[in-house]
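Visitor: Please read through the structure below; I'll follow up with questions.
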Amino acid sequence: MKAINLISIFALALTISVSTSHTVKAGGPSPTTTTASLKGTVRFEGKLPQPKPISMAADPSCARQHLSPMFAQQVMTDSKGDLQDVVVFVAEGLGDRTFEVPTLPAVVEQKGCMYLPHVLAVRANQPLHLVNDDSTSHNIHPTPINNREWNKAEPPGSSVDEAFAREEIAIPVKCNVHPWMHGYIAVFKHPFFAVTGKDGNFDLSGLPPGTYTIKAWHETLGTSTQTITLGANESKQISFVFKAM
Ligand SMILES: [Cu+2]
């Protein structure tokens, strides 16, 4: 009798432990899970490509918003070579974890007949709010490969609400009215991504311990890849260097 009781207690304990580990796996890291920190910088080395001037003469309402000459926002660095607008992200290593999708919209402004930001990264199915701040009409026309293509007119002061359902790095976005207007939207199924600012820095902290493929994507310089292993509570720094082509 005693032995049977012990067996049933053991079986119950086993069931609990199996279902617990299953919950953790399916739900992603719980708040009590130890995480690792991964930070770094992206730099550009070599001779900068000649900046491509933009002429807004075709639409005087665009041209008069800029006092200085405008250039295409392609290879953007500071004086130290820190590279801006690079999407740094986890490409592999998260397994089948799933993550809650933010309900707060990501915003793209059309301002001065440019896309702000030039490169945006969002989550799949995260609301995307695209605003026209100009006194002229724009349209917004993403040309994805893995998502649904759409093309919407945006009269002055109007906005468009959309979302992309699937991961894609990165979707080109253009305005058919003003051919110099273009940007990119990178879409992720997890929260471990960053877009470098003027200082070229990125921060992918909060990663569960593990081995990851980290990629850095730039619109004209291509993609660079590194593999990194992070232990629990470990902090690591990595850097990416893009060279002149
Ligand atoms: Cu436009």
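Bear in mind that the values in this text are calculations on the coordinates, not laboratory data. Since the structure is predicted, the reported quantities are computational estimates derived from the model, not experimental observations. Ideal geometry is used to build each Cβ from the backbone, glycine not excepted, and the neighbour counts take in all protein chains shown.
Visitor: Against the longest principal axis of the chain, how steep is helix 2-27, in degrees 0 to 90 to the nearest 10, with axes from Cα atoms?
Guide: 0 degrees
Visitor: Something else: Would you work out the charge dipole size for the stretch 99-163 about its Cα centre, treating the Cβ of every Lys and Arg as +1 and the Cβ of every Asp and Glu as -1, and quote it to the nearest 20 debye?
Guide: About 120 debye.
Visitor: Hey, another quick one. Of the listed pairs K47/K236; K111/K198; K47/K189, which have alpha-carbon separations greater than 25 Å here?
Guide: K47/K236; K47/K189
Visitor: Let me check against my output: what whole-number percent is the relative contact order of the stretch 101-164, with C-alpha pairs under 8 Å and at least 6 apart?
Guide: Relative contact order comes out at 33 percent.
Visitor: Right, another one. For Q74 and S37, what is the calculated FRET efficiency with R₀ set at 22 Å and r taken between the beta-carbons, to the nearest 0.05?
Guide: The computed FRET efficiency comes out at 0.10.
Visitor: Another question about this same structure. Can you list the residues of the stretch 103-130 with backbone N under 17 Å from a point 7 Å past the Cα of W150, pointing along Cα to Cβ?
Guide: Under cut-off, by backbone N: 103-110, 122-130.
Visitor: Using mean Cβ contacts within 10 Å as the protection proxy, how do 233-239, 36-42, 165-171 order, highest first?
Guide: 36-42, 165-171, 233-239
Visitor: Multiply the residue separation of Q226 and T211 by 0.36 nm, subtract the distance between their alpha-carbon atoms, and state the gained length in nm to one decimal.
Guide: 4.3 nm
Visitor: Using Cα-Cα distances under 8 Å and only pairs 6 or more residues apart, what relative contact order does the chain have, in percent?
Guide: 28 percent
Visitor: Let me know the charge dipole size of the chain about its Cα centre in debye, to the nearest 20, where only the beta-carbon of Lys, Arg (+1) and Asp, Glu (-1) is charged.
Guide: Dipole of the chain, to the nearest 20 debye: 540 debye.
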